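A.B. asks: I have a structure I would like to understand better, so I am pasting it below and will then ask my questions one at a time.
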Amino acid sequence: MKAFFYKYRHAFVLFYGFIYMPWFLWLESRANLPYHVIHVGLDDLIPFSEGFIVPYLLWFVYIAAVFVYLFFQLDKKREFYQYCIFLFTGMTLFLVVSTIYPNGHLLRPASFERNNIFTFAVQMLYRADTATNIFPSIHVYNSIAAHVAVVKNQKLRGNIWIRGGSFLLMMSIILATMFLKQHSMLDVIAGTLLGILMEQLVYHTDFSFVRARKRKPVGA
């Protein structure tokens, strides 16, 4: 057992959940308080489409699948840490922004034109997730983080089906946030720009976790 925990000691990153979830639930508990309404004219031109609930919900599987895959690539721990830094940095910024700038939208339809399994799933989503704390979109940001992690991994990017499927899923999730009226286009743009910025910082800046100690010259 000791050897198992030592082998997978990088699991300590899971403790971030004890920071994120209580903070997020506290933010959600303030949904009945005044907030800044986020809206642009283009939001009104995007129709509601319940079918997008499928990629929207697949987001949870997508983010977790990439996490689990990198977690067990013990020879690629740097990629696992990069993915976690990418995710956790944006998620923390989201919490900070929502704390100091309470925000939400008024885009959700009052009723649905159709009754089917998809609209039922959307109703469940609306009940579980308030229309507040939306800026920037974590669905968008984390989807970018997952896709970047896929294309940066030598094994995964070598498979055209995985790479292409990841891109299509990422784009479908991003579109879903708008077509399900979960986010304003401003949330999506902010999440995208933040994702692009973090990709540069995480993958193109040398943040060594362990720096080699300089050895003193012999006889010094």
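A.B. asks: Which of the residues that make up the stretch 150-161 are under 19 Å from the mean Cα position of the chain (by Cα) and either open to solvent by 40 Å² or more (accessible area, probe 1.4 Å) or of a type in the set (Ser, Thr, Tyr) (or both)?
C.D. replies: Val151, Lys152 - these are the residues of the stretch 150-161 that are under 19 Å from the mean Cα position of the chain (by Cα) and either open to solvent by 40 Å² or more (accessible area, probe 1.4 Å) or of a type in the set (Ser, Thr, Tyr) (or both).
A.B. asks: Restricting attention to the stretch 2-60, report how many residues are in a helix (DSSP H, G or I) and either without any contact (Cβ under 8 Å) to a residue 12 or more places away in the chain or not basic (Lys, Arg) (or both). Break it down stepwise before answering.
C.D. replies: If we filter the stretch 2-60 for residues that are in a helix (DSSP H, G or I), which is where we start, we get 2-7, 9-28, 41-45, 50-60.
Okay, now just the ones that are also either without any contact (Cβ under 8 Å) to a residue 12 or more places away in the chain or not basic (Lys, Arg) (or both), so 2-6, 9-28, 41-45, 50-60.
The qualifying residues number 41.
A.B. asks: Which residues, taken from the stretch 1-50, are of a type in the set (Lys, Arg) and exposed (fewer than 10 other Cβ atoms within 10 Å of the Cβ)? Steps first, answer last, please.
C.D. replies: As a first pass, look at the stretch 1-50 and keep what is of a type in the set (Lys, Arg): 2, 7, 9, 30.
Within the stretch 1-50, Lys2, Arg9 meet the criteria.
A.B. asks: So Ile63 fits all but one of (1) surrounded by 13 or more Cβ atoms within 10 Å (Cβ to Cβ); (2) of a type outside the set (Ser, Thr, Tyr); (3) in contact with a strand residue (DSSP E or B) (Cβ under 8 Å, 6 or more places away or on another chain); what number is the exception?
C.D. replies: The number of the failed condition is (3).
A.B. asks: Give the residue, chosen from Phe167, Phe118, Phe94, that is touching a residue at least 24 places away in the same chain (Cβ under 8 Å), in contact with a helix residue (DSSP H, G or I) (Cβ under 8 Å, 6 or more places away or on another chain) and within 30 Å of His10 (Cα to Cα).
C.D. replies: On the way: Phe167 fails: touching a residue at least 24 places away in the same chain (Cβ under 8 Å); Phe118 fails: within 30 Å of His10 (Cα to Cα).
After applying the criteria, what remains is Phe94.
A.B. asks: Quick check on my filter: what residues within the stretch 32-85 are among the polar types (S, T, N, Q) and within 18 Å of Lys181 (Cα to Cα)? Lay out the reasoning, then the answer.
C.D. replies: Here is the first cut: in the stretch 32-85, the ones among the polar types (S, T, N, Q) are 32, 49, 73, 82.
Scanning the stretch 32-85 gives a single hit, Ser49.
A.B. asks: Among the residues of the stretch 81-91, is there at least one that is out of contact with any Leu (no Cβ under 7 Å at 6 or more places or on another chain) and either of a type in the set (D, E, K, R) or in a strand (DSSP E or B) (or both)? Talk me through it step by step, then tell me what you get.
C.D. replies: From the stretch 81-91, those out of contact with any Leu (no Cβ under 7 Å at 6 or more places or on another chain) are 81-82, 84-89, 91; that's our starting set.
When the remaining residues are screened for being either of a type in the set (D, E, K, R) or in a strand (DSSP E or B) (or both), the result is none.
The answer is no, given that none of the residues of the stretch 81-91 is out of contact with any Leu (no Cβ under 7 Å at 6 or more places or on another chain) and either of a type in the set (D, E, K, R) or in a strand (DSSP E or B) (or both).
A.B. asks: Still on this structure, I have one more. Hey, does the stretch 113-131 have a residue that's in a helix (DSSP H, G or I), modelled with pLDDT under 95 and within 19 Å of the chain's Cα centre (by Cα)?
C.D. replies: yes
A.B. asks: So, one more: I'm checking my understanding of the structure. Among residues of the stretch 92-149 that are more than 23 Å from Ile196 (Cα to Cα) and among the small types (Gly, Ala, Ser), which one is most open to solvent (accessible area, probe 1.4 Å)?
C.D. replies: Ala110
A.B. asks: Given the residues Tyr101, Tyr126, Tyr81, which is the only one that is farther than 18 Å from Val188 by Cβ and touching a His at 6+ places or on another chain (Cβ under 9 Å)?
C.D. replies: Working: Tyr101 fails: farther than 18 Å from Val188 by Cβ; Tyr126 fails: touching a His at 6+ places or on another chain (Cβ under 9 Å).
Going through Tyr101, Tyr126, Tyr81 in turn, the sole match is Tyr81.
The values are calculated or read from the model by the stated rules, or taken from the named source; none is laboratory data. These numbers come from a predicted model, not from an experiment. All Cβ positions, even for glycine, are placed from backbone atoms using ideal geometry, and neighbour counts span all protein chains on display. Only protein heavy atoms, including side chains, enter the accessible area calculation; ligands, DNA and RNA are left aside. Shrake-Rupley method; radii C 1.70, N 1.55, O 1.52, S 1.80 Å.
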